[in-house]
Structures are given as C-alpha cells and as structure tokens.
1. Using the Cα centre of the chain as origin and beta-carbon charges of +1 (Lys, Arg) and -1 (Asp, Glu), tell me which of 36, 383, 225 is placed farthest towards the positive end of the dipole.
2. With only Lys, Arg, Asp and Glu charged, each at its Cβ (+1 for the first two, -1 for the last two), find how big the charge dipole of the chain is about the Cα centre; round to the nearest 20 debye.
3. Connecting C-alpha atoms closer than 10 Å in a GNM of the chain, tell me which of 207, 48, 266 has the biggest fluctuation.
4. Take 24, 305 and order them by how many other Cβ atoms sit within 10 Å, fewest up front.
5. Hey, if you put +1 on the Cβ of every Lys and Arg and -1 on every Asp and Glu Cβ in the chain, which of 49, 347, 305 ends up farthest toward the positive end of that dipole?
6. Provide, as a two-decimal number, the C-alpha radius of gyration of the range 75-305 over 2.2 N^0.38 Å, N being how many residues it has.
7. Using DSSP to define loop residues, name the chymotrypsin sites (Phe, Trp or Tyr not before Pro) in the range 19-84 whose beta-carbon has at most 14 other beta-carbon atoms within 10 Å.
8. Quick check: Cα centre of the range 354-369 to Cα centre of the range 178-198, how many Å?
Amino acid sequence: MSFDFKFSIFGEKLERKGGIVDLMKDLGVALNEQTNMRMMGGGNPASIPEVQSIWRKRTAELLEEKNDFNSALVNYDPPSGNPKFLRAVAKTLNKEYGWNLEPENIAVTSGAQTGFFFLFNILAGEFTNGQQKKILLPLAPEYIGYANQGITQDIFVTHPALIEKKGQNGFKYHVDFDELEVDDKIAAICVSRPTNPSGNVLTDQEINRLSKIARSKGIPLIIDNAYGNPFPGAIYTEANPILDEHIILTLSLSKLGLPGTRTGIIIGPEKIIAAVTAANAVVGLANNNIGQALSLPLIESGELMRLSRDLIKPFYKKRMLNARSHVEEAFGNTIPYRLHESEGAFFLWFWFPELPITTIELYERLKKRDVLVVPGEYFFFGLVDHWNHSHECIRVTFSQSEKIVKEGIQIIADEVSKSYNI
Ligand SMILES: Cc1ncc(COP(=O)(O)O)c(C=O)c1O
C-alpha cells in the first residue's frame with residue numbers, strides 16, 4: 001500500500017534532497033558495502049593509529065572509572081553539555097589564548113552540524129516584523145553541509161571568491177571585499193576557516209576585516225573551526241583564532257577521530273549560547289556525552305592540544321604533501337588543472353578550467369571506476385549569478401591510505417584527460 005502523505009514546507013525541503021544527503025548516503029554505502037571503493041569523497045578523518053590507541057585507552061579507563069562511566073550512561077546531561085566538560089573547555093582556551101570564557105559562553109551540540117542548524121535558524125529566516133533575513137557567506141565555494149539548513153527557505157547570500165592564479169598550476173581564493181554588501185537583511189556572516197572544500201585559510205587580516213564589518217553592523221561573525229586550532233590542528237599556515245563579543249566560534253571533536261560521538265562545541269555570547277541550549281533541550285533533551293567523557297582529561301591536561309600539534313597536524317601535512325606530488329606526477333604538463341593552495345583541512349580542491357563536462361558528470365564517471373569524489377557544484381549554493389567556475393572544480397579527500405590516494409589520483413587524471421579529449 002502506498003499513501004500519498006502530504007509534507008509541510010520544511011518536510012518538502014528535506015525531501016528534495018541536497019548535496020549533503022547524497023554525499024552522506026554515498027559515503028555510508030561505500031564504507032559499509034563497497035569495500036573496493038576508493039573513498040576520496042567525504043570529510044571522514046583518517047584512522048591515525050597513535051590517535052586511535054589514545055581513544056581506545058581512554059575508553060578502557062572510562063570503563064574502570066565506574067562512577068564516571070555509570071553516570072555518563074544513566075544520566076541526561078544538562079542541555080548545554082556536561083558541566084565539567086564546559087568548565088574544562090573554558091579553562092583550556094582561556095589559558096591558550098588569554099580569553100575570558102565562562103561555561104555560560106559554551107554549549108555542546110550533537111556535532112557542529114546540528115549547532116549550525118540551530119545557529120542559522122535562530123539568527124536568520126522570518127522576523128516578527130515580517131522581515132526576511134539571511135546568512136552572508138562571503139567566500140564561495142563554502143561548506144556543502146550548510147546548504148539546506150534553512151527550515152523553510154534558502155537563507156544564504158553567497159559571494160564568489162576572487163581567484164588569484166599562482167604559478168602554472170596553483171590558485172588561491174580571497175574575499176572580494178569591494179563587492180561585499182552587508183545591508184540590514186544580513187543576520188550574520190559565516191565562514192569556515194580552514195575552508196571546506198578548498199583548504200583555504202582566511203588570513204588574519206581578512207578575518208579581522210570581516211569581524212570589523214560584522215561588529216559595525218551589530219551582527220555575529222560565525223567562524224567554523226572544524227579543522228583548525230587548537231584542535232584538531234589540521235592547519236598548515238599561520239592563522240590566529242580570534243574571539244570577541246560578536247564572534248561565534250565552533251569546534252568539533254569529529255576530526256580528532258571521534259565523529260561517531262557527535263560532539264560539537266559552540267562558543268559565543270551568552271544570549272546565543274542560551275538559545276542553542278534551549279534548542280538542544282527542545283530537539284534532543286540532552287547531548288550524547290561519551291565524546292565529552294572520553295576527551296575530558298585530555299582537555300584538562302592540555303594533552304589534546306599536544307596530540308593535535310604533534311600527531312594530527314604532521315600526519316595530515318605529510319598526506320597533503322604526498323597527495324600534491326602524486327597530482328604533479330599523474331597530471332604532468334599535458335592535462336589542464338589547477339590546485340588550490342593547501343593551507344588546512346583534508347582536501348585537494350581541483351580546478352579544471354573550461355572542462356567540457358560538468359563535474360557531476362565527472363563524478364559519475366569516476367564512481368564507475370571505484371573512485372568517490374565530491375563534485376564542486378554542491379559548494380556554490382546561494383550565488384546570485386551563474387559562475388562557470390562552479391562547474392569546473394572537484395573536492396578530493398587525502399585522508400585515506402597512501403595507496404588509495406595515489407591510485408585515485410591516477411584514475412582522476414585519466415578521466416579528466418579523457419574529458420578534455422586529450
Ligand atoms: C567545515 C565543517 N563544518 C562543520 C562540520 C560538521 O562537523 P561535525 O562532525 O562536528 O558535525 C564539518 C564536517 O565535515 C565540516 O567540514
């Protein structure tokens with residue numbers, strides 16, 4: 001029997017499926033059922049043996065600490081997160097950066113992803129006076145996971161990045177400040193830093209300029225720090241975190257190897273944190289507390305910063321450098337390509353100028369050859385004008401094993417070469 005159930009606007013929006021739904025499905029199927037697929041699509045962290053052994057050791061310790069373990073299992077935490085965890089995060093970040101955070105400035109969410117859903121919909125959408133407000137993304141391409149998060153409508157205004165070509169095969173994006181218009185319809189500015197997908201890291205100068213603009217308009221600047229400092233530290237250039245009364249900073253335990261615990265950390269002004277806390281209570285009562293329990297002593301002791309600096313950062317930096325040299329080898333001088341500067345995160349961001357096919361088509365061709373990448377189109381949501389560049393890029397993860405990355409890049413070079421009829 002099949003009923004034709006009717007959905008609300010929100011239901012219809014979810015039903016329409018977006019990039020993130022397809023991406024997570026492809027990823028899940030490939031991880032669980034297609035063992036021969038080269039997984040160069042998602043943002044899964046690598047399994048770094050030393051880091052995984054730390055999490056295994058912590059799990060064993062937690063089992064021994066009967067009181068802590070029992071209370072983690074049997075109790076709902078307060079909706080802002082476990083009080084000990086909130087105090088530890090505040091203390092550690094204050095020590096590291098000289099900030100003045102109180103636990104009231106911090107809320108845990110079920111992954112940073114859920115935190116963004118709350119933040120975007122708390123800040124943007126329809127207001128009591130009937131006004132519609134939007135989130136400004138000043139540097140497209142931007143994180144695919146934001147794209148469909150508005151409850152009833154598209155809530156993003158996106159600005160295309162300025163492209164600086166570097167040498168024969170490189171490029172870097174910059175915020176086009178001359179074109180950036182922040183009127184009273186903008187509810188907040190948001191950037192991922194390091195940027196997913198491009199691996200760009202906004203310079204201190206760019207981030208300070210965005211912060212000044214947001215402050216002058218009395219709106220928040222949201223900085224998504226899923227890959228940044230002080231943890232997980234997948235950042236290969238100089239960049240200082242900033243915090244101010246109008247800044248919302250988000251962190252996550254996912255890229256430390258704990259995506260399964262779904263632990264996001266939202267830092268910001270008390271009014272924002274109180275609203276996120278209320279959203280936690282309404283939507284989920286409380287958060288999963290296992291990630292908080294596992295990481296607590298490492299946050300208290302500063303060990304989490306050490307392992308980010310000494311294990312995680314060098315691991316991904318090496319993977320990144322190797323991946324880039326595989327690209328040089330596989331593409332040679334005959335196949336047209338440019339690679340974005342790799343300043344952070346886990347991705348190579350390719351640009352194939354004037355590619356004769358869309359990257360969705362390229363993605364399908366690569367999938368048939370057991371290589372999973374993400375077509376660039378998904379990262380250019382919210383643009384007002386059409387931009388050819390949005391059909392010429394793909395995101396390739398380098399967090400998988402050397403062998404897989406090398407084979408995958410070889411196959412990508414081969415398919416791109418065929419697409420250009422070389
Ligand atoms: C830029 C960015 N922000 C947020 C998230 C969400 O992270 P979490 O696993 O904490 O929900 C991701 C996940 O890949 C991401 O890449």
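Only the coordinates and a few stated rules stand behind these numbers; no lab work does. Keep in mind the model is a prediction, meaning the values are calculated, not measured. With ideal geometry, Cβ positions are generated from the backbone for all residues, glycine too; neighbour counts draw on all protein chains shown.
1. 36
2. Numbers: 44 positive and 50 negative charges, 155 e Å.
Dipole magnitude for the chain comes out near 740 debye.
3. Among 207, 48, 266, the largest mean-square fluctuation in the Gaussian network model of the chain belongs to 48.
4. By the 10 Å Cβ count, ascending: 24, 305.
5. Of the listed residues, the answer is 49.
6. 0.99
7. 76
8. So the separation of the two Cα centres works out to 29 Å.
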